[in-house]
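For reference, the structure is listed below as structure tokens.
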């Protein structure tokens, strides 16, 4: 298959420069492409769609700039935050100065989950002590269970095979505590209910985001449409770094060549020759693209499964919620976000109801979702009872994430495959993190390190202002080796 695939002249006066093809323009692919370019490689990024951004993007609908779903990050998401800095997109996001989550329940004033200024885990003690949605006995039990969870080793395969729900039951966590604390955090981060989640992955979420660092859990989110960050800003930065970005370039096959390189076949375009290939696409597509012999058991990728997210978008003729976002309990609503400003709405209020682990909602019609969720919103935000709904639509991500179920860690491959130079990236690879934007960026850094393993050469003349962010410094800073 490789016969007739010309490698062409190498830049730099004939000296060898590693040619890297990055397949997939999501966050993992963007991070990998920038790292490889920083290291002096000649990089081509191939994306089958007309935009970059992968699973975190926006589109236009009825005059609104709509994100496909509500994506948040935390202060502990250092790799994603560094990428935002590199993209020049910090003005497009906001980050809480101090964690504060309003929790709504029908007929109740908002309860708050806040962090204090004491050293962890005492920084959570005041908010747990005053959390009115649980009884005093339940609050004490939650605090004890958090201490026990802090002792769980997330890297222990035995813990990964255990169900978080079973572990909570053994620690006498009842339905109220599971809904008001454990599920409130785990459902949006793992896209699973606690009963279906891995204990090890749940422990990683709580330890990294809440229990080990006072400020780690402060919440950030985009103030602009996601595509302004992950597409427009990313394309500008990639171009400045010297990366060739090809949109609408769907890769159909990746073939290993006899000389150790790869032939990347693109639909309706010439085959691209590369010395290394970063496959940064969802796990089900990666399984179809990888050449024979790349993985010892490629069928195991299918066992990662998929978990859906559904978002209900509601535009009211007036303001009904005086909070930028809120969690909710004792209601079908999980999380509510005010996206009025970011969507460019001229009047009224545009709310998004974000539903994780939405297997049931995935099969519901728009009318069924309307009948179920409009009364639920009104029970949380009484002003919605008198407001007129001017628009309502639904976005569905059938394969939003892999399933971080018991045993999933063993199914997640690292960046290295059995073919030197062919590497994997994506939030489904084994970063230790769940399927988040942070996990995606970390996977891109790890993949770049692997793709660049061996001889690396820096260009003699910097081609962009960021050239000082050189190879190993740029790569190793974000993800320790």
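Listed values, structure above:
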| quantity | calculated |
| --- | --- |
| Hull volume in cubic angstrom per residue (convex hull over the Cα atoms of segment 68-156) | 178 |
| Sequence-separation-based contact order of segment 103-190, relative, with Cα cut under 8 Å and 6+ spacing, percent | 19 |
| Two-decimal Rg to Rh for the chain - Kirkwood Rh, Cα set | 0.99 |
| Mean separation of Cα contacts under 8 Å, 6 or more apart, over the residue count of segment 234-306: relative contact order % | 21 |
| Part-to-part distance (alpha-carbon centres) for segment 409-435 and segment 230-300, which is given in Å | 15 |
| For segment 1-150, radius of gyration divided by Kirkwood radius, i.e. Rg to Rh on alpha-carbons | 1.17 |
| Between 0 and 90°, nearest 10: helix 437-451 axis offset from the chain longest Cα axis | 20 |
| Computed over the chain: relative contact order in percent, which uses C-alpha pairs under 8 Å that are six or more apart | 25 |
| Cα centroid separation - segment 315-343 against segment 137-200, whole Å | 27 |
| Antiparallel content of DSSP bridges confined to the chain, in %, to 5 | 75 |
| Rg(Cα)/(2.2 N^0.38 Å) for segment 116-214, N = residue count | 1.01 |
| Normalised convex hull volume, segment 307-401, alpha-carbon set, Å³ per residue | 94 |
| Protection proxy ranking of 431-441, 102-112, 332-342 - average other beta-carbon atoms within 10 Å, highest first | 431-441, 332-342, 102-112 |
| Cα gyration tensor category, rounded, prolate or oblate, for segment 351-448 with a/c compared to 1.5 | prolate |
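Only the coordinates and a few stated rules stand behind these numbers; no lab work does. Since the structure is predicted, the reported quantities are computational estimates derived from the model, not experimental observations. Using ideal geometry, Cβ is built from the backbone for each residue, glycine included, and neighbour counts are taken over all protein chains shown.
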